[in-house]
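See below for the structure under consideration.
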Amino acid sequence: MSESGTVIDIHVLNQSEEPCCLGDKARMPLEILKRTIRSRPGAITFKPKLLSRRFKDFASSLAGQGGPAPLSPPSPSPSEPRLQILPWHAAMESGQPLPRVLSVQSHVVHGYVGNKCAVFPLQILGLEVDPIYSVQFSNHTGYPTFKGSVFDGEQLRALVSGLEANGLLSHTHLLTGYIGSLSLLQAIADLCSQLKKHSPSLTYVCDPVLGDEGRLYVARELVEAYANSIVPLASVLVPNQFEAELLTAGTPITSLNDALAACEMLMDRGPHTVIITSMALPGDPDGIMLVAATRLPQQPDGRLHGATRLKMRIDRIKAYFTGTGDLFAALLLAWMHHHPGDLATAVEKAVGGLQAVLADTVRHCGPAPLAAERTAEVCALRELRLIPCQGKLQDPPIRYRCEVATSDVEAGPAAGQGEEHEGVPRGPDVPVAMNAVDTCTVTASRPEA
C-alpha cells in the first residue's frame, strides 16, 4: 500500500469524546494517521475487518507493537506537535459545502489586526472566507508611520456587483469590524440586506468599533448610523462596555444588572445575541467581566442547563496589544457555528483561543508589552503570534468558564418573536477616522487600523 493514499476504515473521537465515523472509505494519508495515533492515544480504533490477515501487519506497524487493534500507543512527548482530527474534518471529507464568511474589515500588510486577525483563524476552524478590506495599510496605525488607502461605499458596491453577476453571493455569514466612513457603513447595510435575499438564514456578526473607555474613535454620525441601520440587521453584536453605552443612547453600564439591561435593549432592536466583551466593574481592578445574553434556545442538557444569560470574569493582562477584538469576534463566529444552541461553550472556546495567543505573545516579546514608547520595534514585537498558536486556536485550552448571570432584569421574547426593524435615512459622508481595536483583556487601548 502507498503511504500517500492508503484507504482504511476508522472511527475518530471528536472534541466531545463522542465517536464519529468518517465513512466506509475514509481516505487519509498514512503518515498523518501515524502522527494522529501517536498524539492522541485511543483516538482511532480499527473496524473488525482490519483484524483480518490482510490488515494485521499494517495495523500492528502503525501502533509499533505486535498485537492487533484497538491501538493504545504511548503519549507524545511535550515537544512533539499535537495533531488531532477536528469535528469539521468529516464535512470536508464528505464534500459537503463549507460555511462561507464575507468579512469586511481593515487589512495590514505586516502584522495582525482586522482581516489579518480574522481570515486565518476562521479558515483553520473549517470556514471558507472571502475578505474585503475597509482599509489597506502598510501596518496598523499604532506604528510611528503608516501608508495606504481607505475603501469607500462605492468601491464596496462595485465588488458586490461583480460577485452578484457571477452568482457568488452565497455566504452563510457576514462579519464586520472597523468601518471608518459613513458611506462604507451604508453600503454594508445594503450588502447585508442583499445577502439575506440569497441566504435568509444569514448570520451577521458585528463588532461595532466605535471607541473605548469613554473615548470616541469615529465621527459621531457613525454612532447614530450603527444604532439605526446596523444593529437591526445584526444577528450577533459584540460591543465593549463603552460601545454598548453609546448604542443604548448613553445609558451608563456600571453593574451586571446594567449590562444585562443593555443587552436586552439591543436585542429588542434586532440581534438575537449580544456579548459585551470587556467591562470594568467597581471594586475589581484586576479583572474584566464578559456578559452575554441570547434569545436563541440553549441546550437544556448542557452544563448551564439552557441558561441564556452568562457572565465570565477574566484576569486583566497588564499589557497592550492590537487586534484582540478582531480575533475574538472571528473565533466567536466560528465556535457559535460549531456549537449551535451552546453559547457558553462558544464563548469559552473563543476566550480560550484568544487568551492562549495573548499568553504566547507575552512570553515571546519580553518587556515590549509594558513599554511606554511606541517605536516600530516595540510595535512589531507586540504583534499577535497567530501562526505559532494555530493548534491552540483549533483546540483552545479552557481556563475561564461561563457562569449563569442572575438579574432582576426581565428577559425579552425568544428569537423570531420580536418586531422587524427598518433602517433610517442615510446622511452624507463623514471624514474617515482610525480604528480602535477592542482589547478585551488588555488594559490600554487607542485607535488602530
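The values are calculated or read from the model by the stated rules, or taken from the named source; none is laboratory data. On a predicted model such as this, the values are computed, not experimentally measured, just so you know. Glycine also receives a Cβ, built like all others from the backbone with ideal geometry; neighbour counts cover every protein chain displayed. To get the accessible areas, we keep the full protein, side chains included, count just its heavy atoms, and leave off ligands, DNA and RNA. Shrake-Rupley method; radii C 1.70, N 1.55, O 1.52, S 1.80 Å.
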Item to complete: Using packing as a proxy for protection, rank 286-293, 345-352, 376-383 so that the peptide with the highest average count of other Cβ atoms within 10 Å comes first.
Response: 345-352, 286-293, 376-383
Fill in: Carbon plus sulfur fraction of accessible area for region 182-305, probe 1.4 Å, in percent
53 percent
Worksheet item: Residues with amide H under 5 Å of residue 125's amide H, sequence separation 5 or more or different chain, H placed in the peptide plane at 1.01 Å from N; which?
Response: none
Worksheet item: Excluding ligands, DNA and RNA, what is the solvent-accessible area per residue of region 136-246 at a probe of 1.4 Å, expressed in Å²?
Response: 36 Å²
